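Here's the structure, in structure tokens; my notes come after.
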Amino acid sequence: MPQSKKPKLANEDAANTAAASIPSDELANIFGCLGPIEILHLRRVCKTWNDAAKNTIVPLTDFKVHDIDSYNTMRTMATALPNLQQLELGSLTHILTHINSSRIGPRYVNGEDPDEEEALRSINGITYEVDMVSNFTKLRVLKLENACLNGKYPYLFNFPLLQHLKISDCSYLKWDLSVLAGFPLLKEFHCTRSQLLTGNIYSLRVRKDSLERVTIESCPKVEGNFMDLADFPQLNSLILRRLDSVTGDIRGMGAITFPKLENLILPENVYGGQEYMIMRISEATDLIATIYSIKKQPHRHSSLFEDFNWYLSESSPDWYQEEFGYPFSCCIVRAGSRLGWRWERKFEYTPDYHFEVNWLDPLPAKGSSEYQSYTEALQDMQSCMYRFPFFRGYHQPPTEAVFNRLSRQYRPSREEMEMWENPSSSHE
């Protein structure tokens, strides 16, 4: 017998009528407490709910395009939820699990002026439109991570409400730092491993009053002087790493520069930058004096420069050949509130050998809480020196002749021998 239809309950009609009677603007406010996928489902209830979904300011929620399902969801959202506020375009390689006939990884359609070699390589591959992203005019967070883009996509850089832009591992995306002018409210800008990014960091000045966090890493075509950002009033994090054409000098960091900076990494071509190369051992004293004077400026964050290492250059007359890596580096150290600095001999797989600390701050008053924290931290520092005492009693690298004599006289502990014989053991 054919199965009879399930009878509609009276209260079901009443519920549908009640749902449809809620004003669209009130529904939009309610939907604004839900995630994008939930709103997509609810919009199917009736036309009123569908209209409300279109007017909903979708809350900031992670939504990543990484396979065919999430891509199709984005296409639907472009018309059904145009007020999406957060979007990440990722790699489409997961689509291969659904489409096994293609040998070329799926990618987004080429933009303007694509890289010809890359375009030719993928000419027979499956491509997906991406221009519908421009419908999301309320975007506040946009991430492009390992997205298969090739060429220029002007519509990806025209979101007047955008506050957070992150681009990483987009090797064939062609763009310039000047596009940041299209983001008047931008607070955070992060770009790593973007080989075709061009421009001068001076271009960031159009966002002087809004930028709070800037990261540019492994973008070889970016150039400029980091001090062009020195008067940014809100900037609290500046990470510039592996940028061969970015220069500058930390000696220009006066008391009124970078007023809110808490986190700083600078490339090695900057005087005083991370892994900056010192030409003479004696120059380290002047460099550290500059660092110390900056750290003692009233508004400076206490951790500034404390993750930096500065190396003795291979071109230095004081350098002599070592088996592993650079022979010597120096860094800031802290014991409680007391600052100092020391040289280290760095190795790749085994513990670094520390020199004696050159203290910069005076000894804290005995009996004070600062003195107690200082002595506790000092014990940890000295324990490493006792375990690996090669440079005990030395405050700076010795001459090569003295070093060779120390090497002949030194008797490593069993712990050291085991570490040398088993380089996979933990590195301190």
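The values are calculated or read from the model by the stated rules, or taken from the named source; none is laboratory data. Treat the numbers as computed from the prediction; the structure is a model and nothing was measured. Neighbour counts run over all protein chains shown; Cβ positions are idealised from the backbone, glycine included. In case anyone asks, the SASA skips ligands and DNA or RNA and just uses the protein heavy atoms, side chains included. Shrake-Rupley method; radii C 1.70, N 1.55, O 1.52, S 1.80 Å.
Some notes on this structure:
- For LYS152, the aspartates and glutamates whose Cα falls under 16 Å of its own Cα, not counting residues fewer than eight places away in the same chain, are GLU112, ASP113, ASP115, GLU116, GLU117, GLU118, GLU129, ASP131, ASP169, ASP176.
- Computed from Cα atoms alone, the Kirkwood hydrodynamic radius reported for region 68-227 is 16.4 Å.
- The orientation-averaged projected area of the convex hull spanned by the Cα atoms of the chain comes to 33.3 nm².
- Net length gained if the chain between SER21 and ASP361 were fully extended (0.36 nm per residue, minus Cα distance): 115.2 nm
- Alpha-carbon spread of region 313-417, three principal axes, descending order, Å: 45, 34, 23
- Principal-axis tilt of helix 283-295 within the chain, Cα atoms, nearest 10 degrees: 50
- Set LYS64/LYS138; LYS221/LYS296; LYS260/LYS296; LYS64/LYS208; LYS221/LYS260 screened for pairs whose C-alpha atoms are more than 23 Å apart: LYS221/LYS296; LYS64/LYS208; LYS221/LYS260
- The overall shape of region 109-201, judged from the alpha-carbon gyration tensor, is prolate: a/c is not under 1.5, and a/b is greater than b/c.
- For GLY252, net neighbour charge (Lys/Arg +1, Asp/Glu -1) across residues whose Cβ lies under 12 Å away: -2
- Estimated 222 nm signal from helices in the chain, with DSSP H stretches of n ≥ 4 weighted -39500 (n - 2.57), rounded to 500: -7500 deg cm²/dmol
- Net charge over other residues, Cβ less than 14 angstrom from the Cβ of LYS54 (K, R count +1; D, E count -1): +2
- Other residues lying with their Cβ under 14 Å from the Cβ of ARG43 contribute a combined charge of +1, Lys and Arg counting +1, Asp and Glu -1.
- With every protein chain in place, the chain: carbon and sulfur % of accessible area (1.4 Å): 49
- Spread of Cα-to-Cα distances over 10 Å intervals beginning at zero, given as percent, for region 172-223: 26, 59, 16, 0
- Taken per residue, the accessible surface of the chain reaches 51 Å², heavy atoms only and a 1.4 Å probe.
- Across region 169-261, the volume of the C-alpha convex hull divided among the residues equals 78 Å³ per residue.
- Rounded if a/c under 1.5, otherwise prolate or oblate - region 227-364, Cα gyration tensor axes: oblate
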